[in-house]
Every structure is written in C-alpha cells, then in structure tokens.
Amino acid sequence: MKLVKFRSWLPKSVEALAGYSRRDFAADLTAGVTVGLVALPLAMAFGISSGVTPQAGIYTAVIAGFLISALGGSRTQIGGPTGAFVVVIAAIIAKHGLSGLLMVTMMAGAILVFLGMTGLGNAVKFIPRPVIIGFTNGIAVLIASTQIRDFLGIKGSGAIPSEFLERMQYLWQNCSTTSLATVILASTSLLTILLVPRLTKRVPGSIVAMVLATACVPLLGIPVETIGSRFGGIPTGLPSLEVPQLRLDLVAPLLPSAVTVALLAAIESLLSAVVADSMSGDRHNSNVELIAQGVANLTVPLFGGIPVTGAIARTATNIRSGARTPVAGMVHALTLLAIILFAAPLARFIPLGTLAAVLFVVAWNMGEWREIPTVLRMEAKDIAVWLITFSLTVMADLTIAVEVGMTLAALLYIFQVSRTTIVAPLTSEAIEQDRAHRLQDRSIPHYISIVHIQGPLLFGAAEKLGEVEIDDLNQVVILRLRYMTAIDATGIYAIERFHDRLHATGRTLLICGARRQPKRLIYTSTLPRHVGARNILPNITSALKRAAAIQEDFGGIGEETAVMLQEAPV
C-alpha cells in the first residue's frame with residue numbers, strides 16, 4: 001500500500017526509464033529538436049511582449065522546459081512561457097518593476113506546489129467553460145493589440161500604455177509614423193507562417209519566416225527595427241544565479257497577482273496535459289504536474305525568468321513529432337540552450353515585425369474563437385458570465401477578471417446545484433410509486449406527513465426547506481433523506497430551524513434514511529441533541545414504527561402536555 005502511494009508521486013520521467021530503448025531516444029531526440037526550434041521565436045516574442053528582454057524568454061524556456069519535463073506528471077508536456085501571462089506580466093512590471101515580477105513568480109510557484117501537494121489543484125476543473133473562454137478570448141485580443149506597434153513599425157513618442165483603450169488611442173494618434181518596409185516584411189512573415197504548414201508539416205512556419213526575415217534584413221539592408229537595434233542583441237550563455245531581493249512589504253500587494261498567475265498556470269498546464277492525454281493515449285498525474293510547475297516557477301526567477309506553464313501548441317507539436325517520453329521535453333530545452341550558446345549573435349538581426357507576426361498567429365490560435373457560437377447558444381446567464389469575463393480581461397485588469405470570473409464561477413455553480421435540489425412533501429401518488437421499493441404494503445397513517453429532500457442540501461439550496469408550508473403537514477413529520485446526496489453546515493442549520501417551526505405548532509420531526517456523508521455530518525453536529533437522538537432513524541420503516549410509538553404515547557393526552565414531553569431530555 002505504501003509503495004503504491006509512493007509511486008503515485010513519482011514524475012513520469014522516472015517511470016519512463018523502465019524499458020527505455022534506443023528507438024525511444026531516437027524518437028524523443030527528433031521531437032525535442034523540432035519543438036525546440038518552434039519554441040525559439042515564441043520564447044523571444046513572449047519575452048519582448050511581456051516587457052522584458054528576449055533572452056529572458058529564452059532563459060525561461062530552457063530552465064522551466066527542462067524542469068517541467070523532468071519533474072512533471074505528463075509524458076509529453078512541454079513547459080515554458082506562454083501568451084496567457086503576457087498581459088499580467090506587463091502590468092506587474094509597469095506597477096512594481098522587475099523585482100516585483102520575480103516575487104510574484106516565486107509566490108505563484110509556492111502556491112502551485114501547495115495546490116499539488118494538497119490535491120486542491122483539481123478544483124480548477126470546476127471552473128465553468130464560459131469563464132475559461134472569456135479569459136482566453138480576452139487574453140488573445142490583448143496579445144494581438146500589444147503587437148500592432150511592432151507589426152506596423154509605429155514610432156510614437158513615449159512608452160506605449162499598458163491599458164487597452166489607452167494603447168489603442170496611442171496607436172491611432174501615431175499611425176502616421178507607420179513604416180512601409182516593416183509592414184511589408186511583417187505581412188510577408190505572416191503569410192509565410194500561414195502557408196508553410198499547408199506545404200509541409202516537417203518544418204515549422206515560424207522558423208521559416210524567422211530565418212528568411214533574419215537573412216533578408218542585413219543582406220538587403222531593409223530599414224526595420226530588430227532585436228539588436230532595440231535590445232542590443234542576445235548575450236551568449238546563461239545568466240548567473242542571482243537571488244531576487246524579497247521585500248516583505250510587497251507580499252500583500254502582490255498576492256492577488258500571484259494568485260492570478262498560479263491559477264492561470266494551473267488551468268493552462270492541466271488543460272494542456274488533458275490535450276496531451278487525448279493525443280498520446282497516456283494519463284497524466286495532476287498533482288505531480290502542478291508540483292513541477294511550482295518548482296519551475298520558483299526556479300526561473302533566480303535566472304531572471306518569467307512565469308511559466310504548460311504550452312498546448314508546443315505540447316501538440318511534440319506529440320505530432322513522435323515524442324514518447326519526457327526526454328523529448330528535456331531535449332527541447334537543451335536545443336534552446338545550444339542555440340543561445342552557439343548562435344546567439346545572429347539573433348540581433350531578427351526583425352521585431354516578424355516576431356509580432358508570430359504572436360498574431362499565437363493570439364489567433366489560443367483565442368478559441370470557434371467556441372463563441374457555442375457560448376451564444378447557451379442560457380442567458382452563461383452568456384453574461386462569458387461577456388463579463390471577456391470585457392474585464394480586455395478593458396480592466398486580468399487580476400480583476402480572474403477574481404470576478406472565479407466569483408461568477410462559484411455563484412453559477414451554486415445556482416446550478418440549487419436548481420437540482422427538491423424539497424417537498426410526498427404526494428399520495430409519489431408514495432404509491434415508492435411503495436414497491438421501501439414502503440412495501442404499508443399504508444401511511446393519516447397523522448404522518450413525509451417530506452423528502454432530493455439532491456444536495458447545501459447553502460445555495462437550504463432555504464427551500466424553510467419554504468415548506470407547516471400548516472399543510474400532519475402531526476408527525478418524517479424528513480426523508482434517502483435521496484439527499486450531500487449536506488453542509490447551512491443545511492444542518494436549516495433542518496434545525498425546520499424542527500423549531502414544527503415544534504412551535506406541536507408537531508414532531510423524525511429524520512430518516514441519511515446516506516454516508518450526510519449521516520456522518522449529522523452525528524458530528526448538534527442536530528441529534530436538537531431533535532432527539534431517538535428521532536433520527538436509519539430508514540423509512542423504522543421511522544414509521546417510531547411515529548406509531550409517538551402517536552400511541554401522545555394520543556390520549558392534551559397538546560400542551562405532549563409539547564412538554566417532547567421538550568424533555570431524550
């Protein structure tokens with residue numbers, strides 16, 4: 001038993017060592033090199049659009065890519081910087097600087113490790129689809145809006161605003177400075193990225209576009225802005241280890257942003273792992289995957305990196321290229337390392353317009369635009385949740401959007417659960433239908449009313465018990481919990497108040513048929529003392545016998561005496 005429990009926490013890379021062959025390594029090597037080439041322009045583009053240097057994006061992809069593959073719970077997951085973080089990273093840097101971003105990343109890493117170790121990461125599965133689509137739609141729009149300046153070569157004065165509306169106003173006011181050479185080069189790069197996959201699946205379109213554009217700029221002397229002109233190129237090798245300065249006074253202000261990063265990382269990494277499972281036939285370990293994501297986010301800030309998560313597009317590319325084990329993900333990281341060790345000086349010629357074209361395609365692919373017609377066919381409340389989440393993501397702040405989206409998700413879940421809960425007296429027709437199963441041939445005496453609860457009696461539905469008309473009930477009321485699936489403290493309180501209402505009118509409450517979870521909570525609460533332990537029965541048959549005994553005891557005495565007897569200790 002202990003061995004099974006221990007194995008459930010092992011990374012997939014350890015499991016893959018058993019029976020690993022040369023053929024497996026050959027397949028992983030090919031896939032790793034391929035996805036490494038795909039990740040190169042993306043890592044630089046994500047770094048630039050996040051407000052840091054292109055090399056920071058590459059460093060992040062190298063370190064996090066290796067750690068997530070080595071420690072993760074998926075055989076083919078590829079980790080690294082993604083478009084989901086671009087907006088929130090830029091906002092954090094604008095407000096708290098690079099040191100604030102490093103703190104947020106490490107705090108998010110600690111949260112992810114906690115989610116993985118406690119199993120709470122599975123809670124992200126309960127986020128409704130309209131909320132997730134609203135996030136992804138909004139993030140895609142924001143990513144595309146941040147690339148318009150580089151795609152058009154606009155040279156406005158001052159820094160471009162981080163807010164969407166102000167950014168669009170800035171671009172409109174400075175559109176007269178558009179560079180024709182940049183537009184032509186960026187548009188050609190965009191067409192290349194889109195057309196190459198139609199001609200061949202072997203070579204990534206982004207790599208072809210980047211290589212061609214990088215070669216044309218110095219050879220033809222095209223006057224466009226490049227990585228070298230803006231950032232001075234990419235240094236060779238990895239940065240030295242440097243522990244960020246931790247400021248305790250910033251922990252509270254940065255906590256909402258850290259929670260946002262952690263939630264986005266958890267959602268995207270687990271979603272990517274599910275996609276990988278469907279493509280490869282494997283089954284990932286959610287808790288181990290989240291721990292690996294947390295360790296990666298705790299580590300990359302030590303090298304000046306940015307937040308990371310599982311990357312769906314790169315994971316899919318990895319699988320399509322023949323990856324069999326996490327070794328492919330580690331090869332992908334080593335491929336990027338080899339590039340910055342031996343080919344970093346060439347990166348200074350990469351045009352920023354080409355990287356903008358790469359991110360335009362990323363924004364389009366991640367936007368899940370095909371899901372919008374499906375959302376619009378849903379109920380009005382689902383459409384409202386999607387629209388509010390999308391609008392807040394674009395117009396306000398991603399942290400606010402996450403907070404409001406999670407709140408809406410909780411309220412929507414409560415609303416849906418409460419709709420499934422039924423609290424009502426059993427009619428004679430319902431009793432006849434149930435007789436063959438539990439009531440057998442017994443008749444229900446005239447002095448008994450049966451109230452049944454179907455579904456969970458949680459805080460979103462507990463008020464339904466208070467809506468039952470007491471005057472319509474008979475002398476003894478049996479609250480049947482056979483079909484009640486779950487209960488919480490609010491549900492227990494609602495039953496106590498229901499008992500008090502019955503007690504005030506001289507009626508007796510019996511409770512029967514509780515299942516495992518409700519039964520356990522009932523007997524650990526004050527309910528047995530409140531209604532009397534003898535009035536909580538295992539099934540309807542024993543409840544009917546108890547009701548008959550009560551009627552026999554109280555049948556010949558007055559109502560006032562009966563009430564006094566009920567109040568006596570049991």
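The values are calculated or read from the model by the stated rules, or taken from the named source; none is laboratory data. Here the structure is a predicted model, which means the values were calculated and not measured. Note that we place each Cβ from the backbone using ideal geometry, even for glycine, and neighbour counts take in every protein chain shown.
General remarks:
- Conditions (1) out of contact with any helix residue (DSSP H, G or I) (no Cβ under 7 Å at 6 or more places or on another chain); (2) at pLDDT below 80; (3) in the same structural domain as Arg515 (by TED's automatic domain parsing); number of the one not met by Ala396: (3)
- Sole exception among (1) at pLDDT below 90; (2) surrounded by 15 or more Cβ atoms within 10 Å (Cβ to Cβ); (3) hydroxyl-bearing (Ser, Thr, Tyr) for Tyr483, by number: (2)
- Selected residue (criterion: modelled with the lowest pLDDT) from residues of the range 444-480 that are part of a loop (DSSP other than H, G, I, E, B) and within 22 Å of Gln551 (Cα to Cα): Ile444
- Which listed residue is within 17 Å of Asn285 (Cα to Cα), in a helix (DSSP H, G or I), at pLDDT 90 or above and among the hydrophobic types (A, V, I, L, M, F, W, C), from Leu101, Leu67: Leu67
- Count - residues of the range 265-284 that are more than 20 Å from Gly322 (Cα to Cα) and surrounded by fewer than 22 Cβ atoms within 10 Å (Cβ to Cβ): 1
- Given (1) in contact with a Leu (Cβ under 8 Å, 6 or more places away or on another chain); (2) over 24 Å from Asp397 (Cβ atoms), number of the condition Asn297 does not satisfy: (2)
- Within the option set Ala313, Ala296, being outside any loop (DSSP other than H, G, I, E, B), in contact (Cβ under 8 Å) with a residue 12 or more places away in the chain and surrounded by fewer than 24 Cβ atoms within 10 Å (Cβ to Cβ) holds for one residue only, Ala313.
- Evaluation of Arg202 against (1) outside any helix (DSSP H, G or I); (2) of a type in the set (D, E, K, R); (3) touching a residue at least 60 places away in the same chain (Cβ under 8 Å) (one fails), failing number: (3)
- Pairs with Cβ under 9 Å, 6+ apart, first in the range 520-535 and basic (Lys, Arg), second in a helix (DSSP H, G or I): Arg534/Arg546
- Number of residues in the range 331-385 that are among the small types (Gly, Ala, Ser) and surrounded by fewer than 16 Cβ atoms within 10 Å (Cβ to Cβ): the value is 4.
- Condition check for Ala494: within 19 Å of Asp471 (Cα to Cα), assigned by TED's automatic domain parsing to the domain that holds Pro456 and either buried (at least 17 other Cβ atoms within 10 Å of the Cβ) or of a type in the set (Asp, Glu) (or both): yes
- Residue within the range 61-78 that is over 23 Å from the mean Cα position of the chain (by Cα), more than 20 Å from Leu112 (Cβ to Cβ) and assigned by TED's automatic domain parsing to the domain that holds Ala347 present: no
- Of all residues in the range 221-247 being surrounded by fewer than 16 Cβ atoms within 10 Å (Cβ to Cβ) and outside any loop (DSSP other than H, G, I, E, B), the one that is farthest from the chain's Cα centre (by Cα): Ser229
Residue-wise test of (1) over 18 Å from Pro425 (Cα atoms); (2) of a type in the set (Ser, Thr, Tyr); (3) assigned to a helix (DSSP H, G or I).
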position	(1), (2), (3)
Gly491	no, no, yes
Ile495	no, no, yes
Phe498	no, no, yes
His503	no, no, yes
Leu509	no, no, no
Ala514	no, no, no
Pro518	yes, no, yes
Leu521	yes, no, yes
His530	yes, no, yes
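- Within the range 158-174, one or more residues are assigned to a helix (DSSP H, G or I) and among the basic types (Lys, Arg).
- Residue within the range 277-291 that is within 25 Å of Val33 (Cβ to Cβ) and at pLDDT 90 or above present: yes
- Within the range 244-256, residues that are in contact (Cβ under 8 Å) with a residue 24 or more places away in the chain sit with their Cβ atoms under 8 Å from residues that are surrounded by 13 or more Cβ atoms within 10 Å (Cβ to Cβ) and among the polar types (S, T, N, Q), at 6+ positions apart or across chains, in these pairs: Pro244/Ser99; Gln245/Ser99; Arg247/Ser99; Pro256/Thr399.
- The sole residue among Gly72, Gly57 that is closer than 23 Å to Gly205 by Cβ and surrounded by 24 or more Cβ atoms within 10 Å (Cβ to Cβ) is Gly57.
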